[in-house]
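Trainee: Could you have a look at this structure, given as structure tokens, before my questions?
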Amino acid sequence: MNKGLAATGLVVAALVVAGGIYMVDIDQTEETRLPDVDVNVEGGNLPEFTAETGSISLTEEQVTVDVPDVDVEVSSNEETISVPGLEVTPPEGDTATN
């Protein structure tokens with residue numbers, strides 16, 4: 001059972017990393033300029049970046065699953081329950097191919 005839990009944790013961690021890469025679009029908007037070096041040093045310029053993030057929304061849908069009957073007999077009944085879903089929307093204008 002611990003192996004299953006560890007495997008599940010590894011899969012979840014991989015999905016989080018992949019989602020983080022997929023959901024962030026960073027574009028450099030200004031070039032870097034090093035400071036002029038003389039006897040007097042003028043200030044440099046750090047690059048500026050903009051970051052656009054996507055959105056994640058949690059959904060719910062009705063599905064039918066087998067639920068064991070609580071009698072001594074070994075049988076099952078179908079019941080409809082709500083299960084969570086996940087919708088992922090990347091940033092607009094995302095042209096990166098992964």
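Trainee: List every residue pair whose Cβ atoms sit under 8 Å apart, with the two residues 6 or more apart in sequence or on different chains, where the first one lies in region 18-32 and is part of a strand (DSSP E or B) and the second, anywhere, is among the β-branched types (Val, Ile, Thr) and loosely packed, with under 11 Cβ neighbours inside 10 Å.
Mentor: Ile26/Thr50; Asp27/Thr50
Trainee: A further question follows. Restricting to region 33-50, give me the number of residues that are at pLDDT 85 or above, part of a loop (DSSP other than H, G, I, E, B) and farther than 22 Å from Pro91 by Cα.
Mentor: So the count comes out to 1.
Trainee: Among all residue pairs at least 6 apart or on different chains, which show Cβ distances below 6 Å where the first residue, located in region 51-69, is surrounded by 11 or more Cβ atoms within 10 Å (Cβ to Cβ) and the second is outside any strand (DSSP E or B)?
Mentor: Listed by first residue and then by second, the contacts come to Glu52/Pro91; Thr53/Met23; Gly54/Met23; Gly54/Pro90; Gly54/Pro91; Asp69/Ser75.
Each row is one residue, and each column tells you yes or no for (1) modelled with pLDDT under 85; (2) in contact with a Gly (Cβ under 8 Å, 6 or more places away or on another chain).
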| residue | (1), (2) |
| --- | --- |
| Met1 | yes, no |
| Val11 | yes, no |
| Ala14 | yes, no |
| Val17 | yes, no |
| Ile21 | yes, no |
| Asp25 | yes, yes |
| Leu58 | yes, yes |
| Ile81 | no, no |
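The values are calculated or read from the model by the stated rules, or taken from the named source; none is laboratory data. Please read these numbers as outputs of a predicted model, since none were measured by experiment. Neighbour counts run over all protein chains shown; Cβ positions are idealised from the backbone, glycine included.
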